[in-house]
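Report on the following structure.
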Amino acid sequence: PFAMRAKPVDPEGWAAPSVREPGVVGLGKFDPARAFDGYTVYTPIAPGYPIRLIDMQGNTVHEWHLRTAELQRPREDGLSLAPGEKIPIAYPRVLPDGSLLLVLGVPPFYTPWGMGIVKLDKDSNLVWKYLRQAHHDLDTSPAGHIYGLTHSVVYEPWPGLERIQTPFIDDQVVELDANGKEIRIASVLEAIQKSPYEALLQFARTERAKGDLINVK
């Protein structure tokens, strides 16, 4: 067993820590017989700490830092960040050249939840940002394209679902090119309507999950 003590980064120009007191973080137990050899990348629960790549013994191999000041600008979807809020980061993807893809969130009591996707190079420089309501996860294709999940707020009656009171959220899948440029967005709600599972939408209710029709929580 081992533990690593995370140190907050310099608050000048970097994300400041937002925890009550620094704690010990890391892996609590390691059984070599039950683990595959390799590296693990993880993001901290509290913003202001580095994103770390660790080996099987918990040693830090590499770190990235996210400068949140570069993100405090109007978003492409017209919504603004809540002033003074920290930006949770999660779902990292390390690329072969050492660059890093990250999903940005907002505090969980906000809806829609997502804020965007960013790419950092190996030295933590911001390569590009996609500041729409991307959230929760992403993946990459062999061609280098990026697939993420997004939210869109629907204000007008939805064809075929006019009984559902607006506004509500349409979940979507977005495809970006390697430079973070949007290629297309596919509506999950529309895909369900055109599938054999359309009948399931009769159970959709805006009062569930803050207007997120297909969120089953």
Mean accessible surface per residue for segment 141-201, computed with a 1.4 Å probe while every protein chain stays in place, in Å²:
60 Å²
If ligands, DNA and RNA are left out, what is the accessible area of D121 with a 1.4 Å probe, given in Å² to the nearest 10?
40 Å²
If amide H atoms are modeled at 1.01 Å from N in the peptide plane, then the residues at a separation of 5 or more from W128, or on another chain, having amide H under 5 Å from its own are K119
Pop out the ³J(HN,Hα) list for segment 144-153 in order, Karplus 6.51 cos²θ - 1.76 cosθ + 1.60 with θ = phi - 60°, rounded to Hz; leave Gly and Pro as x.
x, 6, 10, 10, x, 9, 9, 10, 9, 7
I need the phi-derived Karplus couplings for segment 114-131: 6.51 cos²θ - 1.76 cosθ + 1.60, θ = phi - 60°, integer Hz, Gly and Pro marked x.
x, 10, x, 10, 10, 10, 10, 7, 5, 9, 6, 6, 6, 8, 7, 9, 10, 9
Work out from phi, with θ = phi - 60° and the Karplus expression 6.51 cos²θ - 1.76 cosθ + 1.60, the ³J(HN,Hα) of each residue of segment 190-205, listed in order in whole Hz, and give x for Gly and Pro.
5, 5, 5, 4, 8, 10, x, 9, 4, 4, 5, 5, 5, 8, 5, 9
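The values are calculated or read from the model by the stated rules, or taken from the named source; none is laboratory data. A quick note: this is a predicted structure, and the numbers were derived from the prediction, not measured. For accessibility, only protein heavy atoms count, side chains too; no ligands or nucleic acids. Shrake-Rupley method; radii C 1.70, N 1.55, O 1.52, S 1.80 Å.
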